[in-house]
Amino acid sequence: MSGPAAGTASAATTTDVVCLGESMVTFLPSQPGRLADVPSFGRGIGGAESNVACALAAAGHRAAWVGRVGADGFGEHLVETIAGYGVDTAAVRRDPDRPTGIYFRTATDRGTDTHEVAYYRAGSAASAMSPANVPYEELFAGRILHLSGITAALSADCLALLGELTAARPGRPLVSFDVNHRPHLWRGGDADASVLLELARRSDLVFVGEDEAEEAWGIVGAEAIRAALPEPSVVVVKRGSAGATVFASGLRPGPRSSIAGGAENAPDARSTEGGGAGNADTVTHVPALRVDVVAAVGAGDAFAAGFLSATLRGLPVRDRARHGHLMAAAVLTVPGDLTEPPARDHADRLAALDDDAWGRLRLGPGWTAADRAPEEVRTP
């Protein structure tokens, strides 16, 4: 198989989001300290795309994860754990010749100099994904196909696969792309950064951190990032504690229109020239929440899941970004990469708060309890 046939996706799809990428078994330290000093580790799972799938399934959406694992115990653990969140894993392939990737990390924040990660993923089963061995019918069966730049960095075959999946063709679902620049996975410097830029420009909805855009492309500021990504209908620039800025243009024709738009309904949005499909952008800035952080891991994947969840529901752009912040806050207030998201009606109440009330929110551990009303959420 050299690539997907035109019109592969069915008009009557049963999946909301299909996520493609590598998931690995992660070993979490039993105590703080250097990897050399940690006496034991607990087992978990890690993977940007499978994290998004798990969060979406936990939020009530029909999500599928497509990947490749070794025919080993770690691969079985991954598939069983991800399926336990309600994710469809039927399209995951087992590789009899290559192992499932694993990694170890320290307990310290990823942003500190003392944080260590030891990856054992070279030659993994996932790195063997290619245009010749993935199930295109499953990949194109959803309303949204979610990808990330991590997959592109795993191997030449994986890069070729993302090139196929982001190519314009009839019947392609809306392609969501999280840049996820990981310098340690790349070996070609500027050439690799340009690959990520090209893949982002071929996508419909792009998530990119302001810091990673500067690191990868030397581009500073949300407006400049949008100028470098004129084609996508929606570009979400994540700005850390400053919040998120969403650039959304007019809808493209076809069946994707119902979930690609909604920007015209965004409160307090301002229009600027430019944007995907040659239309004027609506620019919406949504401040971040104040969060009592337990562990700064998994927030980017959770934000993407929250934004995609609200996109599937056709909510206004402001509320899409707010749901992204809320899903990220749920993960930030627990030790691991995954957690049960807030109940939908709870999240909807918080997302609907006026700007002053939103700005006063401060979320801490336990805030996602379904029986907690918005006014009971901890505020300063």
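Structure above, values below:
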{"item": "Flag for Ala125 being surrounded by 24 or more Cβ atoms within 10 Å (Cβ to Cβ) and within 22 Å of Arg94 (Cβ to Cβ)", "result": "yes"}
{"item": "The range 118-130 residues that are closer than 19 Å to Phe104 by Cβ, paired with ones that are surrounded by fewer than 24 Cβ atoms within 10 Å (Cβ to Cβ) and aromatic (Phe, Trp, Tyr) (beta carbon under 6 Å, 6 or more apart)", "result": "Ala118/Phe104; Tyr119/Tyr103"}
{"item": "Within the range 217-312, helices (runs of 4 or more DSSP H) holding 1 or more residues that are at pLDDT below 90 and open to solvent by 10 Å² or more (accessible area, probe 1.4 Å)", "result": "257-260"}
{"item": "Residue check, Arg68 touching a helix residue (DSSP H, G or I) at 6+ places or on another chain (Cβ under 6 Å), among the basic types (Lys, Arg) and farther than 30 Å from Asp345 by Cβ", "result": "yes"}
{"item": "Verdict on Arg372 being touching a strand residue (DSSP E or B) at 6+ places or on another chain (Cβ under 6 Å), of a type outside the set (Ser, Thr, Tyr) and at pLDDT below 80", "result": "no"}
{"item": "In the range 139-155, residue surrounded by the fewest Cβ atoms within 10 Å (Cβ to Cβ) [restricted to those that are in contact with a strand residue (DSSP E or B) (Cβ under 8 Å, 6 or more places away or on another chain) and over 21 Å from Ser309 (Cβ atoms)]", "result": "Thr151"}
{"item": "Unique residue being under 19 Å from Ala55 (Cβ atoms) and hydroxyl-bearing (Ser, Thr, Tyr) when the list is Tyr136, Tyr119, Tyr85", "result": "Tyr85"}
{"item": "Residue check, Glu76 farther than 22 Å from Val17 by Cα and either open to solvent by 60 Å² or more (accessible area, probe 1.4 Å) or β-branched (Val, Ile, Thr) (or both)", "result": "yes"}
{"item": "In the range 320-346, the residues that are farther than 14 Å from Asn51 by Cα, in a helix (DSSP H, G or I) and without any contact (Cβ under 8 Å) to a residue 40 or more places away in the chain", "result": "Arg322, His323, Leu326, Asp345, His346"}
{"item": "Neighbours by Cβ (under 6 Å, 6+ apart or cross-chain): first from the range 28-44, under 19 Å from Tyr119 (Cβ atoms); second among the acidic types (Asp, Glu) and in a loop (DSSP other than H, G, I, E, B)", "result": "Leu35/Glu116"}
{"item": "Of all residues in the range 156-180 being open to solvent by less than 30 Å² (accessible area, probe 1.4 Å) and assigned to a loop (DSSP other than H, G, I, E, B), the one that is nearest to Pro131 (Cα to Cα)", "result": "Ala167"}
{"item": "Scope the range 199-218; condition over 21 Å from Ser249 (Cα atoms) and more than 15 Å from the chain's Cα centre (by Cα); matching residues", "result": "Asp211, Glu214, Glu215, Ala216, Trp217, Gly218"}
{"item": "Strands (runs of 3 or more DSSP E) within the range 27-124 that include 1 or more residues farther than 26 Å from Ile144 by Cβ", "result": "41-46, 68-70, 93-95, 102-105, 117-120"}
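The values are calculated or read from the model by the stated rules, or taken from the named source; none is laboratory data. Computed from a prediction, not measured in an experiment: that's the story for all the values here. Positions of Cβ are generated from backbone atoms using ideal geometry, with glycine treated the same way; all protein chains shown enter the neighbour counts. The accessibility values were calculated without ligands, DNA or RNA, using every heavy atom of the protein model including side chains. Shrake-Rupley method; radii C 1.70, N 1.55, O 1.52, S 1.80 Å.
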